[in-house]
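The values are calculated or read from the model by the stated rules, or taken from the named source; none is laboratory data. Since the model is a prediction, treat every value here as computed from it, not as a measurement. All Cβ positions, glycine included, derive from the backbone under ideal geometry; neighbour counts span all protein chains shown. The area values use the complete protein model at the heavy-atom level, side chains included, leaving out ligands, DNA and RNA. Shrake-Rupley method; radii C 1.70, N 1.55, O 1.52, S 1.80 Å.
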Number of protein chains: 2
Amino acid sequence: MSLIATTPKPPYYCVVFTSEMTVENDGYVTMAQRMVELAEQQQGFLGMESAREQVGLTVSYWQSLEAIKVWKQNAEHLEAQKLGKKKWYSSFALRIAKVERDYSFKAPS
Amino acid sequence: MSLIATTPKPPYYCVVFTSEMTVENDGYVTMAQRMVELAEQQQGFLGMESAREQVGLTVSYWQSLEAIKVWKQNAEHLEAQKLGKKKWYSSFALRIAKVERDYSFKAPS
């Protein structure tokens, strides 16, 4: 299975979350996994891509701004956001963007 | 220095490039470094963030769609795109999106 999200024809939305972590990562992996699981259950969730080296990049895709707003306000997610700021992230940027065009490629096998 | 891009107030644009690589990575690192160097010289380039694990994620930020278009057509970049499809990438998705809102956080030190 490809780890690249399969998304519908634009327009749709993406949330680009870029983070740098503190040395304190206790509980982080469990919480991050739970947030993926929970995001996948949200109405309007389209997919997610993620990688971490010196920075972590997570891009999630959504049908609408409304869906992003509902997810942002999810109670369990709010708790994770609070812990993220308190413990895990030394800095982050979050950007909400409207995907206007996309293009994909698959090598012939 | 933070590896999180410092961007102006929205609106601006981002290009989300998500890729899976083949086993053939000969020449890839040199080319990728050159493309970063070259992108940074482009008019309207605002910053870039990147991480690779199972997938590679590179998000670059731009002042306008026009700046993205000029970069896409850059001769050296065209050559890299061709090699990418021929050798390095088994699949990729490229998404162009307009950043409408952003938010950043820095932990108190």
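Quick look at the numbers
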| read-out | value |
| --- | --- |
| Subset of segment A:8-28 that is under 14 Å from the mean Cα position of the chain (by Cα) and of a type in the set (Val, Ile, Thr) - its residue that is surrounded by the fewest Cβ atoms within 10 Å (Cβ to Cβ) | A:15 |
| Residue identified as surrounded by fewer than 17 Cβ atoms within 10 Å (Cβ to Cβ) and either in contact (Cβ under 8 Å) with a residue 40 or more places away in the chain or not in a loop (DSSP other than H, G, I, E, B) (or both) among A:66, A:49 | A:66 |
| Meets criteria (at the interface with chain A (Cβ under 8 Å from one of its Cβ atoms), buried (at least 18 other Cβ atoms within 10 Å of the Cβ) and either among the basic types (Lys, Arg) or under 23 Å from residue B:4 (Cβ atoms) (or both)) for residue B:93 | yes |
| Candidates B:59, B:15, B:29, filtered to the one that is in contact (Cβ under 8 Å) with a residue 12 or more places away in the chain, out of contact with any helix residue (DSSP H, G or I) (no Cβ under 7 Å at 6 or more places or on another chain) and either under 19 Å from residue A:18 (Cβ atoms) or away from chain A (no Cβ under 12 Å) (or both) | B:59 |
| Restricting segment A:29-41 to residues that are within 15 Å of residue A:81 (Cβ to Cβ) and not charged (D, E, K, R), the residue that is surrounded by the fewest Cβ atoms within 10 Å (Cβ to Cβ) | A:36 |
| Any pair with Cβ under 7 angstrom, 6 or more apart, that starts in segment B:91-104 at a residue that is within 16 Å of residue B:11 (Cα to Cα) and ends at one that is open to solvent by less than 10 Å² (accessible area, probe 1.4 Å) and of a type in the set (Gly, Ala, Ser) | B:97/A:97; B:98/A:97; B:99/A:97; B:100/A:97; B:102/A:93; B:104/A:93 |
| Matching entry among B:49, B:79, B:100, B:53 (being closer than 26 Å to residue A:98 by Cβ, over 14 Å from the mean Cα position of the chain (by Cα) and not basic (Lys, Arg)) | B:100 |
| Breaking point among (1) of a type outside the set (Lys, Arg); (2) within 9 Å of chain A (Cβ to nearest Cβ); (3) within 13 Å of the chain's Cα centre (by Cα), for residue B:84 | (3) |
